[in-house]
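The values are calculated or read from the model by the stated rules, or taken from the named source; none is laboratory data. Every value quoted in this text rests on a predicted model; they were computed, and no experiment measured them. Every residue, glycine as well, gets a Cβ built from its backbone with ideal geometry; the counts of neighbours run over all protein chains shown.
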Amino acid sequence: MRFDVVTLFPEFVAACAGFGVVGRAQERGLLSVHGWNPRDYAEGNYRRVDDRPFGGGPGMVMMIEPLRAAIAAARGADPRPAHVVYLSPQGRPLTQARVRELAARPRLLLLCGRYEGVDERLLAAEVDEEISIGDYVLSGGELPAAVVIDAVARLREGVLNDAESAVQDSFEDDPALGPGRLLDCPHYTRPPQHPLGDVPAVLLGGNHAEIARWRRMQALGRTWQRRPELLDEAALPAEDRRLLEAYRAALSADAGDPEP
C-alpha cells in the first residue's frame, strides 16, 4: 500500500512513520510513505503557500495552486488511483469500520492543512472525503495523518506478526454483537506475582475455554463501565447477559456491596 502525504512538514510525517509497526512494514516492503511539500511547487522568491482570507478575519488560508500542483505530482508518482483525504475537524469521524474500508484501498493521498485551513475551492475540486480524528482542533493535519497511516497500516496483510492481534482489538467487529461493539479485555504478562498484584488465576490454568469465557466477560464488563453507549444490553445473547451479570456481581463483591 502507498501513502502520499501533502504537508508543509514532510520530515515530521516521515519521522512518525519510521517507528514501530509502520516502520517495520516499510522495511519489509509492505507499504511506503511519501511526503510532498507544497512549498516546493509555489512560485516567487518567498515560495508563499498562504494568503489572507477574503472577507477579513484572523489567520491565513492555504492557497490553491501550490496544493493543487503537489497533489498532481503525488497522483502522477504511481499509476494506481489515489483516494484523497483531507484531515479536518469538520470531517467524518474516524472509526475502526472506516479504517477497514480505507485499508482495502491500494493508495491513500492525505492532505494536511495548516493555518486557518485550505481554500474551499481546492477541497471541492481535489478531495474525495474529509476525516476527523476527534472533536478538537490541532495546529495542522500532520498528527491526524500519522494516526490514519498507523491505523490503516496495521490492518494490511502481513504488517502485524500475528493477524489475531488486530482481530482482538477494541472496536473490531464482534460476531455476536455486530460491528465494533466491545472494548478489549485486560492483558497481563510475566511475572505472575508482583507487588502491584497477581495475574488472574484463570489465565494461568491452561483451560482455553475458561480463558475465552473470562476474556469475554471482561470485555463486556469493561465496555459497560467505560463506554456504555456501545452496549445494547437488550440485544445481548443470553450467554453474554449471564457473563455481564457475573461481572457486575464480582464488582459488587469486591466493593463490599451486597449482591443484587
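The residues of segment 196-224 that are within 12 Å of CYS185 (Cα to Cα) and free of Cβ contacts under 8 Å to residues at least 12 places away in the same chain, listed by number, are ILE211, ALA212.
Return a yes/no flag: does segment 70-84 have any residue that is assigned by TED's automatic domain parsing to the domain that holds ILE149, over 20 Å from THR7 (Cα atoms), in contact (Cβ under 8 Å) with a residue 24 or more places away in the chain and in contact with a strand residue (DSSP E or B) (Cβ under 7 Å, 6 or more places away or on another chain). Yes, segment 70-84 contains a residue that is assigned by TED's automatic domain parsing to the domain that holds ILE149, over 20 Å from THR7 (Cα atoms), in contact (Cβ under 8 Å) with a residue 24 or more places away in the chain and in contact with a strand residue (DSSP E or B) (Cβ under 7 Å, 6 or more places away or on another chain). Of all the listed residues (VAL49, VAL13, VAL21, VAL6), the sole one being within 19 Å of GLY141 (Cα to Cα) and out of contact with any Pro (no Cβ under 8 Å at 6 or more places or on another chain) is VAL13.
Take the conditions (1) of a type outside the set (A, V, I, L, M); (2) loosely packed, with under 13 Cβ neighbours inside 10 Å; (3) without any contact (Cβ under 8 Å) to a residue 12 or more places away in the chain; PRO192 misses just one of them, which is (3).
Would you mind listing the strands (runs of 3 or more DSSP E) fully within segment 1-109 where at least 2 residues are under 17 Å from the mean Cα position of the chain (by Cα) and crowded, with 16+ Cβ neighbours inside 10 Å? Hits in segment 1-109: 2-6, 83-93. Looking at ARG100, is it in the same structural domain as ILE133 (by TED's automatic domain parsing), within 20 Å of VAL159 (Cβ to Cβ) and among the basic types (Lys, Arg)? Criteria met by ARG100. As for segment 127-134, it holds no residue that is in contact (Cβ under 8 Å) with a residue 60 or more places away in the chain and either exposed (fewer than 14 other Cβ atoms within 10 Å of the Cβ) or closer than 26 Å to GLY76 by Cα (or both).
Taking segment 150-160 as the range and being on the phi < 0 side of the Ramachandran plot and either hydroxyl-bearing (Ser, Thr, Tyr) or surrounded by fewer than 23 Cβ atoms within 10 Å (Cβ to Cβ) (or both) as the test, the residues that pass are ASP150, ALA151, ARG154, LEU155, ARG156, GLU157, VAL159, LEU160. Residues of segment 138-167 that are at pLDDT 95 or above and hydrophobic (A, V, I, L, M, F, W, C): LEU138, LEU143, ALA145, ALA146, VAL147, VAL148, ILE149, ALA151, VAL152, ALA153, LEU155, VAL159. Go through segment 237-260 and give me each residue that's surrounded by 11 or more Cβ atoms within 10 Å (Cβ to Cβ) and touching a residue at least 24 places away in the same chain (Cβ under 8 Å). Hits for segment 237-260 are ASP240, LEU243, LEU244, ALA246, TYR247, ARG248, LEU251. With the requirement that a residue be surrounded by fewer than 11 Cβ atoms within 10 Å (Cβ to Cβ) and either under 20 Å from ALA250 (Cβ atoms) or not assigned by TED's automatic domain parsing to the domain that holds CYS185 (or both), what does segment 227-236 give you? Scanning segment 227-236 gives a single hit, PRO228.
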